[in-house]
Amino acid sequence: QVQLVESGGGLVQPGASLRLSCAASGILFRLYTMGWYRQAPGKQRELVATIPSDGNTNYAPSVKGRFTISRDNAKNTVYLQMNSLRPEDAAVYYCNAAFQFLEYWGKGTLVTVSS
């Protein structure tokens, strides 16, 4: 059974940092492209960042330079370090795992950015 379990969300003030984690089980983690997506109320889910098996990273323009995605294949975990958070970063953040025709999603973790 595949599970992606996100953690690390919370309420922070603008300018603060958070680190999200996603622990994966039931998949051959090292083969998968791992990604973070987010969905704000009333908006579509959007890509935040991805990191494929070769470690190259891809970011949405809105987060480039502020967020860093990384993975630890030994721990089957992907991280999203979020710095300089803005109110517009507030959303539910979802972990995604993709490999060929297979794709899995976590249940999400809520990030609130408010003063």
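In the set Ala98, Ala40, which member is in contact (Cβ under 8 Å) with a residue 12 or more places away in the chain, out of contact with any Ser or Thr (no Cβ under 6 Å at 6 or more places or on another chain) and aliphatic (A, V, I, L, M)? If you could, list the steps in order and put the result at the bottom.
Working: Ala98 fails: out of contact with any Ser or Thr (no Cβ under 6 Å at 6 or more places or on another chain).
After applying the criteria, what remains is Ala40.
Look at segment 41-97 and say how many of its residues are under 12 Å from the mean Cα position of the chain (by Cα) and either at pLDDT below 95 or among the aromatic types (Phe, Trp, Tyr) (or both).
Residues that pass the stated criteria total 5.
If you check Glu46, Glu6, which single one turns out to be more than 15 Å from Tyr79 (Cβ to Cβ) and of a type outside the set (Gly, Ala, Ser)?
Glu46
Can you name the condition, by its number, that Ser70 falls short on among (1) over 19 Å from Gly8 (Cα atoms); (2) free of Cβ contacts under 8 Å to residues at least 40 places away in the same chain?
For Ser70, the failing item is (1).
Restricted to segment 98-109, and to residues that are of a type outside the set (Asp, Glu) and more than 12 Å from the chain's Cα centre (by Cα), which residue is nearest to Val12 (Cα to Cα)?
Going residue by residue through segment 98-109, those that are of a type outside the set (Asp, Glu) are 98-102, 104-109.
With the extra rule that they be more than 12 Å from the chain's Cα centre (by Cα), the set shrinks to 98-102, 104.
Working: Ala98: 30, Phe99: 33, Gln100: 36, Phe101: 37, Leu102: 34, Tyr104: 28 Å.
This residue is Tyr104.
Can you find, within segment 48-68, the residue that is farthest from Ala23 (Cα to Cα) among those that are open to solvent by 60 Å² or more (accessible area, probe 1.4 Å) and in a strand (DSSP E or B)?
Per the criteria, the residue is Lys64.
Applying the selection to segment 69-114, what residues are part of a strand (DSSP E or B) and open to solvent by 70 Å² or more (accessible area, probe 1.4 Å)?
Keep residues of segment 69-114 that are part of a strand (DSSP E or B), which gives 69-72, 77-82, 91-99, 102-105, 109-113.
Glu103, Trp105, Leu110 - these are the residues of segment 69-114 that are part of a strand (DSSP E or B) and open to solvent by 70 Å² or more (accessible area, probe 1.4 Å).
For segment 25-47, enumerate the residues that are of a type outside the set (A, V, I, L, M), assigned to a loop (DSSP other than H, G, I, E, B) and open to solvent by 70 Å² or more (accessible area, probe 1.4 Å). Give the steps one after another, and end with the answer.
First, pick out the residues of segment 25-47 that are of a type outside the set (A, V, I, L, M): 25-26, 29-30, 32-33, 35-39, 41-46.
Next, from what is left, pick out any that are assigned to a loop (DSSP other than H, G, I, E, B): 26, 32, 41-45.
Those that are of a type outside the set (A, V, I, L, M), assigned to a loop (DSSP other than H, G, I, E, B) and open to solvent by 70 Å² or more (accessible area, probe 1.4 Å): Pro41, Gly42, Lys43, Gln44, Arg45.
Return only the number of the condition from (1) among the hydroxyl-bearing types (Ser, Thr, Tyr); (2) without any contact (Cβ under 8 Å) to a residue 40 or more places away in the chain; (3) on the phi > 0 side of the Ramachandran plot that Thr57 does not satisfy.
Against the list (1) among the hydroxyl-bearing types (Ser, Thr, Tyr); (2) without any contact (Cβ under 8 Å) to a residue 40 or more places away in the chain; (3) on the phi > 0 side of the Ramachandran plot, Thr57 comes up short only on (3).
The values are calculated or read from the model by the stated rules, or taken from the named source; none is laboratory data. All values reported here derive from a predicted model rather than from experimental measurement. All Cβ positions, even for glycine, are placed from backbone atoms using ideal geometry, and neighbour counts span all protein chains on display. For the accessible areas, the whole protein counts, side chains as well, though only heavy atoms, and no ligand, DNA or RNA atoms are used. Shrake-Rupley method; radii C 1.70, N 1.55, O 1.52, S 1.80 Å.
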